[in-house]
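The values are calculated or read from the model by the stated rules, or taken from the named source; none is laboratory data. What you see is a predicted model, and the numbers here were worked out from it, not measured in a lab. Note that we place each Cβ from the backbone using ideal geometry, even for glycine, and neighbour counts take in every protein chain shown.
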Amino acid sequence: MSSVTANSETANLTPPITIPTSIPFTLWTTTDPSQPPTRSLSTTKTITANVCSEFTQYIAPATPVSAQHKLAIVQDGGGNPIVFSIGSDDRLYCIQHIPGASSGWQSVDITPTTQTGYRAVAFDVVQDMSTKNVNLAVAVTTGATGTNTDLYTIFVTKDLPVGNSFGTRELVCGEQSDWFKF
């Protein structure tokens, strides 16, 4: 087995940050192969975390993703990522990588309604990996107090030419009229 070591100075990489902890290292020992191993904690060795991160050249000029909401990722027909998230403005966004585009990413508000006072509060997305078809559902609150909730769903095929097409990509997100309200 071979290994590759990169020198962070010559490779222009960010040097790793080493974070020592006081968490004891777990030891597994066995004296009899027919018995399960025994777990013990080291009294001399602790876990150390090495962290390194690099910035990319891609940017997505959009409303920042809210830390209060999840991200969901599917693939377009070419295997590129499509990220769904609720933004800090409570709108549902579809953020897609566009190879060759100046920023690398495009973000589109795909919230089922453009009316004022409607907020996306939850969503889920499922993809059939064999066909790349996507089912997306979103819960949208209505009214000033947010007590009334409507559920919308949309089915998107990898080559259905509707709505916001994200350039020439195969998977497209629908516009408001394409959503089905329950």
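Among residues that are touching a residue at least 12 places away in the same chain (Cβ under 8 Å) and over 16 Å from ILE154 (Cβ atoms), THR114 is not included. For segment 14-34, a tally of residues being in a strand (DSSP E or B), within 21 Å of ASN50 (Cβ to Cβ) and either in contact (Cβ under 8 Å) with a residue 24 or more places away in the chain or hydrophobic (A, V, I, L, M, F, W, C) (or both) returns 9. Scanning segment 128-182 for residues that are part of a loop (DSSP other than H, G, I, E, B), basic (Lys, Arg) and at pLDDT 75 or above gives a single hit, LYS132. Picking from residues in segment 75-93 that are in a strand (DSSP E or B) and either touching a Gly at 6+ places or on another chain (Cβ under 6 Å) or modelled with pLDDT of 85 or more (or both), the one that is surrounded by the most Cβ atoms within 10 Å (Cβ to Cβ) is LEU92. Output the number of the condition that PRO61 fails; it satisfies all remaining conditions of (1) modelled with pLDDT of 80 or more; (2) not in a strand (DSSP E or B). In the conditions (1) modelled with pLDDT of 80 or more; (2) not in a strand (DSSP E or B), PRO61 misses (1) alone.
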